[in-house]
Each structure stands twice: as C-alpha cells, then as structure tokens.
Amino acid sequence: MTDRILIIDFGSQVTQLIARRVREAGVYSEIVPFQSAEATFAEMKPQAVILSGGPASVLDENAPLAPEVIFEAGIPILGICYGEQAIALQLGGSVEGEHHREFGRAFVEISKRSALTDGVWDLGHKHQVWMSHGDQVTALPEGLEVIGTSENAPFAMIANEERKIYAIQFHPEVVHTPDGAKLLSNFVHKIAGCAGNWTMAAFRDQAIEKIRSQVGKGKVICGLSGGVDSSVAAVLLHEAIGEQLTCIFVDHGLMRQGEADQVVNLFREHYNIPLVHVDASDMFIGALEGESDPEKKRKTIGKLFIDVFDQEAKKIGEAEFLAQGTLYPDVIESVSFTGGPSVTIKSHHNVGGLPARMNLKLVEPLRELFKDEVRELGRELGLPEQFVGRHPFPGPGLAIRCPGGVTRDKLAILRRADAIYLDEIRKAGLYDTIWQAFAVLLPVQTVGVMGDGRTYEYVLALRAVASVDGMTADFYPFDMTFLGRAATRIINEVRGVNRVVYDVTSKPSGTIEWE
C-alpha cells in the first residue's frame, strides 16, 4: 500500500505547491477542501496531515478549522501559515490579528533542534523564508514550544515533538523559501515515516488495476483530442483493457498545422487502437465564422463537440463508460473555497462537460496527476516524445487564439504563422525548455511598407511562457536575435501579417492561456 499524505486546503493560492513538494519527495499526496476533510480523512487513513495557508482569519466568526479527529488520531500534523494559527487556537493557544501582518522575505533563526529542521537548518543560524500572513500566534498551547523565531514572529516555528505536531508561520512550499522542500521532505520521511516509494511505474501499475476494477468487461469510449492528456489516458486505458476501448477523435479544424494527421497515424498505425476519426471542420468553422465573443466561441464549440461526439458514440453502441484526460489542476480549480466542488469544468481548458443524456460513467485515470507527471507517465508508457513533450493546447484550439471574428482565412494565416514560430523555437533548441508557445492573430490591422508598396495587414502576437505544472507561469526571456529571426520569417512567408509583437504577460496563478 502506498503511503498517503492528506493536505487540508483552507484556500491558499499555493496549496497545490504543497502537494507537488510532497510528491517530489516520493510520497503520494492529496488535497481536500476543509469542508469535506473529516470524511476524506476517515476514508483515506493517511500517514500524516498538512494544514495549508488561507485568506481567512481564524478570529472570524465561523472561520474554517481542522477536524478535531485529526488531533485525536495520534498521527503527525504540520500546519503552514493559517494552518499554524488553526493548530494554536484549536489546542488552546492565542492568536491576534491585523497589526501582526507580514508579507515577503524574512529570516528565521532556529532556537531549538527538532526533527523538522534536522540536517536542513543549523541551531542559532538564520535562514530565508517567505511570509504572507495577517494574524499571528501570540501564546502557545500547552505542550508546544518554540523551535524558531523571526524578527516579527516570535512563534515562527513551534512543535510538540512527542505528539509529532509541527506548525510554521511561513510558506515552505514556495521557491522563495530556499530550503522549504527539504523541510517538507523531513516531515514526510523522518516524522511521518513514509517510504518515498511513489513512482510513476508504481502509479502505472496501480492505475491499470484500478481501471480494470472499475470497468470490468464494459466498453469504454475515450474522447481523444490529440493533446498530451488525452493521448496518455488513451494509451494507459488500452494497456489496461485492450479492445474494450474505442477512441473518438473529433477534428474541429482548429488544431495546429499537421496535428490531426499525427493523431490518426499514431493511434491507428503505431498503437493499433480502435479509432473513429470524424472530420467536422466545415461544421465547426462555419458555425464560428464571424463570431467575436470568446465565451460564445467556447459554447459553440462545446455544443457542437458534444453533438458530434454523442452521434458517434451511439454508432459504437453498448458503451458504459466515457474516459477523459482530467488532471489534478483541473480537479483543484473546480473546487470552490466556499462552496465545494463546482458543477462546471473550467471553460478555458475544456469545451464542454459530460451531457446527462449520454448516460455514461466517467473514467478519469489521470485525475491524480499534475501535467509534468502526466508527461512522465507518457514516457513510462512509451509514447513518442513528439506527443509527450507537446505544448499544451486548449480545447477550443485556434478559435481563442484568433480574437475577434473567426474566418477561414484568418485561421489559415494563424496556423501557418504559428508553425513557423514553433519551427524557429525547435531550431533554437528551446522547445523543451518552454512550457507553452503560440501565436495569436490580433484583431488589428496596420499600414506597413514592404518593398515598394504599402500593405494593410494583421498584427501577430507571439507568446512563450516558462512553467513547471501550468499552475503559474512567467514569460520566456527570448533574446532579440531570436525574435528578429522569427518575426522576419513570419512576415516574409505569411501573406496577411506585416507586424509581429512579443507578449510579456506573466500569470501568477490559474490558466496561462491568452485571450
């Protein structure tokens, strides 16, 4: 049985980073909103619990708190920021409010040795951390003692070594706390006693058994988009249940250059997976032509996708299950801090949910994984690198990279320019360094001079971002030589573009798409 760490989410923007750091230490972790934490704790039976940060104050009326059962279970507990304040308050200490606020870089001095800092931070030395809090612990519960202080937080680190309860005011999960990952590793290995044996090979075996157990002898339909997520899900499912799986690839005509052919060749020729390829590009592009509202584009694509998919699914017949490439960030982002699980899937990623009329049960074999973990699983399954390393592509495709009205001519311009941009990135050896790069055809035309004549053509925006898991991102710092080379090729080779600009927008959280 794989060791498990339960992370109770109080609404912090960086809770998912706690899960990532724990998984990087080779231990499976799962995030659950505080509203359902008690039920999940009883079902999961974790080796330890981590309480996240959050935007609320523990002093507020009806403030979220940890279930009492976790303190009674005798397992290790780590509280982070709000989690520290919740532990202090619930165990009988005191917390005070706003005048203790502290945001940004700080330095913690270790005042007493502990299992949490063993081998990471030395006694009496100061170490950089990242603070982000309004409230602050001002009196300790019985049994807890100070193990670290900062200039503005006399209870920056507290612990009860006997009960294995630890709480810290700073955020160890962010990169601004340089040794934070090592502290979390100490907690899961030295304190919680987890073996660190959660590998992608182990996940593959467990996922296959789980699929077989859920599906039995039933037939499964998989919605194949050609992206990393659905491709990995399809190959994993095929390895688990073989001919019980049929993939449906709805080609909406909004993919990048040459990708539809690559999808068909890989799954029919290389893997010999049963595949229904539906070329519905005329239907989709016809319905989108002239539409400028981005949300209407999504809804139009979503409705048509479901209609076409449903028609093809009925032709297959007797299917009981629908497989999707849902990932853990999708699951996290579909959970509301105040209302629990959302009834809608985030619209920037997908184009539609599961229609009730299809009466199919969901199979989501990747819903426990982050994006980079899915890539690792794809390599474990032997998928070609061109698929495993492919940059993410949204469900609505080029439609949302063509702001303003969509036309066939504009899509053709965008597709060609995007292909040249990616070709230059590959030639520069940067494709695998960049998380996502793409071109956007702006709804702006400018007068330009090309040779001896004037042109009135479109402005093209280029975007490239660096990220690890797609939850946060920053623009990629190309040098001007590269940008000049890519822009020159696009203007020379793509009729319809006479200006190229580079987008340097960053995304601190959430989607990294461009609209």
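The values are calculated or read from the model by the stated rules, or taken from the named source; none is laboratory data. Computed from a prediction, not measured in an experiment: that's the story for all the values here. All Cβ positions, glycine included, derive from the backbone under ideal geometry; neighbour counts span all protein chains shown. Remember, those area values only see protein heavy atoms, side chains included, never the ligands or the DNA or RNA. Shrake-Rupley method; radii C 1.70, N 1.55, O 1.52, S 1.80 Å.
Couple of notes before you dig in:
- Pair list, Cβ under 7 Å, 6 or more apart: the range 106-118 residue more than 14 Å from residue 128 (Cβ to Cβ), other residue assigned to a loop (DSSP other than H, G, I, E, B): 113/123; 114/161; 115/161
- Candidate set: the range 391-414, residues that are of a type in the set (Lys, Arg) and surrounded by fewer than 21 Cβ atoms within 10 Å (Cβ to Cβ); chosen: the one farthest from residue 303 (Cα to Cα): 410
- In the range 136-149, of all residues being out of contact with any Asp or Glu (no Cβ under 7 Å at 6 or more places or on another chain) and either at pLDDT below 90 or surrounded by fewer than 22 Cβ atoms within 10 Å (Cβ to Cβ) (or both), the one that is nearest to residue 117 (Cα to Cα) corresponds to 146.
- Residue in the range 28-48 that is within 19 Å of residue 158 (Cα to Cα) and either in contact with a Phe, Trp or Tyr (Cβ under 9 Å, 6 or more places away or on another chain) or at pLDDT 95 or above (or both) present: yes
- In the range 196-218, the residues that are closer than 20 Å to residue 48 by Cβ, out of contact with any strand residue (DSSP E or B) (no Cβ under 8 Å at 6 or more places or on another chain) and not in a helix (DSSP H, G or I): 196, 197, 199
- Within the range 137-185, strands (runs of 3 or more DSSP E) holding 2 or more residues that are within 18 Å of residue 124 (Cα to Cα): 145-150, 157-160
- Residue within the range 237-254 that is under 30 Å from residue 154 (Cα atoms) and either surrounded by fewer than 24 Cβ atoms within 10 Å (Cβ to Cβ) or among the acidic types (Asp, Glu) (or both) present: no
- Number of the condition not met by residue 138 [criteria: (1) under 34 Å from the mean Cα position of the chain (by Cα); (2) within 29 Å of residue 72 (Cα to Cα)]: (1)
- Residue within the range 81-95 that is assigned to a loop (DSSP other than H, G, I, E, B), under 14 Å from residue 166 (Cβ atoms) and within 34 Å of the chain's Cα centre (by Cα) present: yes
- For the range 276-297, the candidate set comprises residues that are in a helix (DSSP H, G or I), in contact with a Gly (Cβ under 8 Å, 6 or more places away or on another chain) and open to solvent by less than 30 Å² (accessible area, probe 1.4 Å); within that set, the residue that is nearest to residue 243 (Cα to Cα) is 281.
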